[in-house]
1. Given the structure, is A:ILE465 outside any helix (DSSP H, G or I) and surrounded by fewer than 24 Cβ atoms within 10 Å (Cβ to Cβ)?
2. Suppose the filter is assigned to a helix (DSSP H, G or I), touching a Leu at 6+ places or on another chain (Cβ under 7 Å) and within 10 Å of chain A (Cβ to nearest Cβ); does B:ILE151 pass it?
3. Would you pick out the residues in region B:155-166 that are in contact (Cβ under 8 Å) with a residue 60 or more places away in the chain and either more than 7 Å from chain A (Cβ to nearest Cβ) or acidic (Asp, Glu) (or both)?
4. Quick check, is A:ALA331 touching a strand residue (DSSP E or B) at 6+ places or on another chain (Cβ under 7 Å) and part of a loop (DSSP other than H, G, I, E, B)?
5. Considering only residues of region A:100-128 that are at pLDDT below 95 and among the β-branched types (Val, Ile, Thr), which is farthest from A:THR186 (Cα to Cα)?
6. Find the residue count for region B:132-161, including only residues that are surrounded by 12 or more Cβ atoms within 10 Å (Cβ to Cβ) and either of a type in the set (Gly, Ala, Ser) or in contact with a His (Cβ under 9 Å, 6 or more places away or on another chain) (or both).
7. If A:PHE434 passes every condition in (1) of a type in the set (Phe, Trp, Tyr); (2) in contact (Cβ under 8 Å) with a residue 40 or more places away in the chain; (3) within 27 Å of A:GLU380 (Cβ to Cβ) but one, which one does it miss?
Amino acid sequence: MKLTSLLGGAAVALALAVSPAYAKNTLRWASQGDALTLDPHAQNESPTIAMNLNIMEPLVRSDRELKPEPALATSWKVLEPTVWEFKLREGVKFHDGDTFDADDVIFSIKRAQSKNSDFKDQIGSIKEVKKIDDHTVHLITTGPNPILPNQLLTIAMMSKEWSEKHDVVEVQDYKNKQETYAIRNTNGTGPFKLQLREPDVRTILVKNEDWWGVKNHGNVDEVVYTPIANAATRVAALLSGELEFVLDPPLQDLERVKRTAGLKVLKTPQNRSIFFGLNVGAAELGSSDVKGKNPLADPKVRRAMYQAIDIKAIGQKVMRGDAEPAGIIAAPFVRGWTKELDQRLPYDVDGAKKLLAEAGYPNGFTVKLDCPNDRYINDEAICQAAVGMLARIGVKVNLDAQPKSLHFPKLAKRETDMYMLGWGVTTLDSHYVFSFLAHTKGTWNATGYSNPRVDELTEAMEIEIDPEKRDAMIAEVWKILKEDNVYLPLHHQVISWAMRENLDLPIIANDQPQFRYAVMK
Amino acid sequence: MLAFVIRRLIQAVVVVLVVAFLSFLLFNFVGDPVNNMVGQDASIADREEMREALGLNDPLIVRFAHYVLNAVQGDFGMSLRLQRRVGTLIVERMPATLELVAASAVLALSIGIGLGVFTGIKRSHWLSRVILTVSLIGVSLPTFVIGICLIYVFSVLLGWLPSFGRGETVNIGGWSTGFLTASGWQAIIMPAITLSLFQMTLILRLVRTEMLEVMRTDFIKFARARGLSNRAINFGHALRNTLVPVITIAGLNIGSLIAFSIITETVFQWPGMGFLFIQAVQFADIPVMAAYLSLVAVVFVSINMIVDLAYYAIDPRLRATVGRGR
């Protein structure tokens, strides 16, 4: 019965299999999850930004090496410590034909700073945007801000007229549960125009023939995106030739893809580091058998745990070679990273045991490890491996692996003694790590770590414009953090993109494809 | 009759309310949607403010009452993940699921009844044994394995059928259909087979058992004695008598086809309601989950009721009992 129906199906398929000849270059691709919205200021989330920045553009964009380069601004310079001058590109048109000028910049930055915007903290230092003429604006900051161009990399420019016409001057308001025009319609200046948007089903972008950068444009005419949640189906669709590109192929299928004729896999270290955070601030750990004191508050214990982790084994067995061992919790793209800093303390079980004994825990102690199971590459498996390694020095770890929607609230509420976290640095500057993870008031510092010198330096580097002095501050903070071992660095994630051999699409470390580079042979 | 219908209607409302409330209780534990909605940089104050704004801090019973009141007016709230009306989302996704379910039901019924009759009449034929053995496999293999196997054979190895999606669709009066395009037909074949296999087996075995039963009865023997043709006996008399239980099962199973299309839709990236639901679960998108489960409850309850009424219409004995009872 099964056979007959299959044959029947196959016969119908054969009869219908008349494939049209493609006159144009269509790039069909898939990833696990769709962009959340096309309102460019509503969600600061990587897949959302990736989609939006193919349609809309910022003043300063990141190139394939993630270095800032001119986009809608052709040049920028510091006039006074708190005044940046941006020269705008002339002759740029939005997809509806409207001309891009200074008013759009003022409008867009204000919009991205408004209450509902998810980017308001990122560009919080901008106090005022002043129009000098149609193609010159001054960005006035609350204090000297040396990394302002980096903070603008993901702030897309919208048309003021279009936004007013369609009543999307405000970023979508969750409170009134409002559904706005901008969620599914766009009017950007970018290399691709939105042709069709069916959230979660299909999104079609077509080449913008009038784009200012069209000369350096790849040769893709149409980009068809389909989210495919099931990893096996995603790979099958690539293998069967229904897709040109898969953003997030599962690790276990990479070999298979590589072996398949006509397909290739690109790899790059990602701008995201994976690490464990330790609760050093609590007087007593909620999940430990040690009462009356906090074993993690002792630097020797933290160092012992660090040295008990065999990162090579995790890299080879869990990550199948696709991870760069990390010595600090920032990847090589980040300003302040150095090779020396990224050296790990040696893996040393005996030394770790000795350290534990010196700290007064010759028989170890117990602690709970909170771990996500659907956020980072093989996150739960990494945690499991670490549990086994820490057991060898007597630290008995109870693993609690949960979906990210349950894991992250624990961190936010500071209800954790030991946890896994991965951090991507959107501004490509160490300050982003310090202000969120090391500063006493850092919103993602769930360790309770508080070091006055770190706080002082973190605040000072916000307004230091002398690059040398600033770099020295960054280096000092890294040195302190490395000595304190509040965070146990594991590795920098490596991302893989699987695609057809005839597609030339550079892999970018932020995992956000830029189809303007794509060339199809 | 009227009292019977009213009684069933009241029961139906109670069932739907209970399902809605239970799903609400469960969803309290699926996690915090706010974390999925804001970026990693959002401050704790921002998160708290959003929780408050979304009403996530209200007591459960208040939220439930709110939900039911709005739902009665056709308002199922906003999807936290997609920022769109849940009602709109479900209406958009419904054609895909219903077309898949229709195709699966047709496959399951036609093949299931056909093979059931065959195996019932030709009990000892070698082909009957093969069919029964294969059908056992059909029941015991999990849906996603069948789906992945089909994809592997027909998409990856042979390249005949698309491994995901619905193909091209045509919009007719707000209903997007894949039945009018070649790629739509290609795309529905594998998901429909995957979804129908279990039901097909079930119907096959049911029809076979009933056929065997009926064939043993006296009235078939009399029919034979009267010299009726085999064809008339098998289809006119035997099959007709097996159909009452088949209708019951088939009717109820349309409900489970809708409910179980979740797995098939996930494997084939079929843009239907089940897939919407599974993504909502991953995101802790409570409004979508609650609306979907309530909808499934409504579907089950209505089908149940229609089946009961159909019995009542078909089988005179039932009517007599109900009449006497009241």
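1. When the stated conditions are applied, A:ILE465 passes them.
2. Details: assigned to a helix (DSSP H, G or I): yes; touching a Leu at 6+ places or on another chain (Cβ under 7 Å): no; within 10 Å of chain A (Cβ to nearest Cβ): yes.
Here the answer is no, as B:ILE151 does not meet what is asked.
3. Of the residues in region B:155-166, the ones in contact (Cβ under 8 Å) with a residue 60 or more places away in the chain are B:163-166.
Residue satisfying the conditions is B:ARG166 alone.
4. On the way: touching a strand residue (DSSP E or B) at 6+ places or on another chain (Cβ under 7 Å): yes; part of a loop (DSSP other than H, G, I, E, B): yes.
Yes; evaluated as a whole, the condition is true for this residue.
5. Looking at the filtered set, the residue picked out is A:ILE126.
6. Here the count works out to 5.
7. Unmet condition: (3).
Rundown of residues vs (1) crowded, with 24+ Cβ neighbours inside 10 Å; (2) at pLDDT below 95, yes/no style:
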position: A:PHE436; (1), (2): no, yes
position: A:THR443; (1), (2): no, yes
position: A:PRO452; (1), (2): no, no
position: A:GLU459; (1), (2): no, yes
position: A:VAL486; (1), (2): yes, no
position: A:ALA498; (1), (2): yes, no
position: A:ASN510; (1), (2): no, yes
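The values are calculated or read from the model by the stated rules, or taken from the named source; none is laboratory data. This structure is a prediction, so every number in the text was calculated from the model and none was measured. Because the Cβ atoms are built from the backbone with ideal geometry, glycine has one as well, and the counts that use them run over all protein chains shown.
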